[in-house]
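For reference, the structure is listed below as structure tokens.
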Amino acid sequence: MPAPAQNSATIREQAADWWARLDGGSMDENELKEFQRWLNASLEHRLAYSELENLWGELDGLAKVETSVAPKSKPPAKRALAPLIFGLALAASLAAIWLSPYLQLWNADLQTGRGEIRSFTLSDGSTVHLNRASAVDVQIDETRRELHLLRGEAAFEVSPDRNRPFRVYAAGGSVTALGTAFNVKLAEEGAEVTVTEHRVWVEFGNGRQTAEIDEGLAAGYDAEHGLSQAKAADIGAATAWRRHRLVFQNRPLDEVVAELAHYYPGVLLIQDADLRQRRVNGVFRIDDPLAAIAALETALQLHTTHFGDYLILLHR
């Protein structure tokens, strides 16, 4: 008889307990194996542990390269190190998650997990497309339409309403629709806005910096640099995630791997600093991160070592 389903509160309590034990560094090999079995028992368990910070910038190019290569098998002797290495890598990642505003996201009105892309129709008829690991809080009533992008990336298709401006708050700024469609992505210290149809009005720094951004343009803002000047955007690349693709043009390998990590239910690591700066061009499927890693392995003449099912190390 299958075990009864657990509610989210119970799963979070279990996740917190596992994290505390991992962080304490006192777990032996059998306990690490028990943890791996718990992690693999359900999608909910993996989602509670697998969210990583979205630290990287917007896709900024389009290359006509797409490939699918089966991952290579790895020597079994190296797999014996999996529990220890996995525990260390995961504990570091989870520390950032649980000490961040991550726990506040459980009450967001709209949200997605790792590798999950969803579309939502709002009460006013507008549509919100959420990229992976994203969250939005929605406040719509008779007088206002205000949304807060709490995490990740979202594309908005706005239903016209002259009496209720459609406004999205993100990273200390706001974006007000003056037309139909735009994309907002949280970056490391700010946000990036790409206008796919018509125009938007952007405010940052308590309204001290403002700009009207037209269709086909993008602008960003953060505390250090303020609001940037709008520049031409590659709309196809900026919205590739909605077609379940990731697009990279002349991007460093560490940025590419960080983006792929959002769709892989484990940890991806690069061995050395020089390797992280190798340049990448390509189009990869979101739903097959292992094929993307294998393609990078072939194109850049790298090697990968798989430690169990949750840790991949890229090295020379």
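The values are calculated or read from the model by the stated rules, or taken from the named source; none is laboratory data. In this text the structure is predicted, and so the values were computed from the model without any measurement. Cβ placement follows ideal geometry from the backbone for every residue including glycine, while neighbour counts extend to all protein chains displayed. Please note that ligands, DNA and RNA were not included when accessible areas were found on the heavy atoms of the full protein model with its side chains. Shrake-Rupley method; radii C 1.70, N 1.55, O 1.52, S 1.80 Å.
Here are the numbers for the structure shown:
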item	result
Phi-based couplings in Hz for the range 125-130 (Karplus 6.51, -1.76, 1.60; Gly and Pro marked x)	x, 6, 10, 10, 9, 9
Phi-based couplings in Hz for the range 201-213 (Karplus 6.51, -1.76, 1.60; Gly and Pro marked x)	10, 10, 10, 8, x, 6, x, 6, 10, 9, 6, 9, 10
Extended-chain gain in nm, criterion 0.36 nm per residue less alpha-carbon gap, His225 and Ser159	20.5 nm
Rounded, prolate or oblate (a/c below 1.5 giving rounded, otherwise prolate when a/b exceeds b/c) for the range 236-283 by Cα gyration tensor	oblate
For the range 132-245: rounded, prolate or oblate by the Cα gyration tensor [a/c cutoff 1.5]	rounded
Asn40 long-range amide H proximity, modeled H, under 5 Å	none
With all protein chains modelled, accessible area of Tyr169 [1.4 Å, Å²]	70
Relative contact order of the range 207-316, defined on C-alpha pairs under 8 angstrom at six or more residues apart (%)	22
Net charge of neighbours whose Cβ lies under 14 Å from the Cβ of Glu224, counting Lys and Arg as +1 and Asp and Glu as -1	-3
Around Ala171: net Lys/Arg minus Asp/Glu count, Cβ-Cβ under 9 Å	-2
The range 213-315: trypsin sites (Lys or Arg not before Pro) in DSSP coil with no more than 12 other Cβ atoms inside 10 Å	none
Cα gyration tensor category, rounded, prolate or oblate, for the range 225-316 with a/c compared to 1.5	prolate
Alpha-carbon centroid distance for the pair the range 191-222 / the range 243-310, whole angstrom	30
Interchain or long-range residues, amide H under 5 Å from Arg151's placed H	Ala135
